[in-house]
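Q: Here you go, one structure.
We did not get these values from a lab; they are worked out from the coordinates using the rules stated. Given the structure is predicted, the values throughout are model-derived calculations rather than measurements. Glycine also receives a Cβ, built like all others from the backbone with ideal geometry; neighbour counts cover every protein chain displayed.
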């Protein structure tokens, strides 16, 4: 049986990917620091190995008898990266590169890196530059998070060669239900606001573009890369996107799907500037080379979100555990208050 080490396997994407791998018969070893606990793995806990550890100091035993590593660990959004840029760079860049080199030296044959389409972000809309970008587009990311991902890619991809297969998957903005639920992602945030307040707010008039993909499609894409012929993917970057949406259109789609699920919500438009990101991305390369295409629509995902949120009781929408930056700040403050030995980011 092939054993996969999944770094960050208890996280938002990782928890879904862990379940998908187990269901396909893989032996799964999860390495996670468990900032958010391990309840996200409850459904498969008796069928996986769980190693409590930091991706910056992966124990040798975690790599024993492993045929592939999928790295979805690290800090995962702009606010958290900006809050602690040193830890962001240490995890997303330095640790990711160091782990890949260890895998190569140990004879582990495949390393799949979780990157991000935020690498393509060009900020406020500029019609002359507002085009759909593919993997060959020139990029110059400035934000801490996207820069850390791009810097890692630049060092990781040259490691590919011979029997060592390295692939980078640049995911669009992920949405959908996960047992490690997040409400700080645009679709999930819309659903949360609709269910808790009856109104969804779109900022900057909703004019900006964003590539999106459901978390289950993201998990399936990682498995497609895991199973692919190395000759087709080695040393390659792939974008993953179900579709590109203006945020204003996205809000309308979410509202209609919510109505079908029995949730009524208004849309409030705020035209002030607030953290605007704007980019459109092509996912055709992944479809052309591997025949893989995301299939879960925004509307389908919203229906699942509403039913699963209710079933799991994730309706305490203001709890900080659903928001990466709020939770990490809380852990940091508590660590300092009780004198637990320094920053949780270290």
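Q: For a protection proxy built on the mean count of beta-carbon atoms within 10 angstrom, sort 310-317, 26-33 highest first, please. All intermediate terms of the calculation are to be shown ahead of the outcome.
A: Details: 310-317: 11.9, 26-33: 22.9.
Highest-to-lowest ranking by the protection proxy: 26-33, 310-317.
Q: Still on this structure, I have one more. Taking only Cα atoms of region 241-342, what ratio of Rg to Rh do you get with Rh as the Kirkwood inverse-distance radius?
A: Details: Rg = 18.9 Å, Rh = 17.5 Å.
Rg/Rh for region 241-342 comes to 1.08.
Q: If you don't mind, another one. Helix-only estimate, please: 222 nm mean residue ellipticity of the chain, summing -39500 (n - 2.57) across DSSP H runs of length 4 or more and dividing by its residues, to the nearest 500.
A: Helix contribution divided over all residues of the chain: -11000 deg cm²/dmol.
Q: Order 247-260, 170-183 from most to least packed using the mean count of other Cβ atoms within 10 Å.
A: So the peptides 247-260, 170-183, ranked by packing, come out 170-183, 247-260.
Q: Another one. I want the antiparallel fraction of DSSP beta bridges within the chain, as a percent rounded to 5.
A: In the chain, DSSP labels about 10 percent of beta bridges as antiparallel.
Q: What is the angle, in °, between the Cα long axis of helix 247-260 and the longest principal axis of the Cα atoms in the chain? Nearest 10 is fine, range 0 to 90.
A: Long axis of 247-260 versus the principal axis of the chain: about 80 degrees.
Q: Just to confirm the number: angle between the C-alpha axis of helix 12-23 and the first principal axis of the chain, 0 to 90 degrees, nearest 10?
A: The answer is roughly 60 degrees.
Q: What's the angle, to the nearest 10 degrees (0 to 90), between helix 298-312's Cα axis and the longest principal axis of the chain?
A: With rounding to tens, the tilt is 80 degrees.
Q: Just checking my list [x] 69, 51, 37; [y] 61, 49, 44; [z] 55, 50, 37 against Cα extents along the principal axes in Å computed from this structure; which label fits?
A: [z]
Q: Using the Kirkwood formula over every pair of different C-alpha atoms, what hydrodynamic radius in Å results for region 159-234?
A: Values: mean 1/r = 0.0665 Å⁻¹.
After inverting the pairwise mean of 1/r, the radius is 15.0 Å.
Q: State, as an integer percentage, the relative contact order of the chain based on alpha-carbon contacts under 8 Å between residues 6 or more apart.
A: Values: 683 pairs, mean separation 64.2, N = 346.
That works out to 19 percent.
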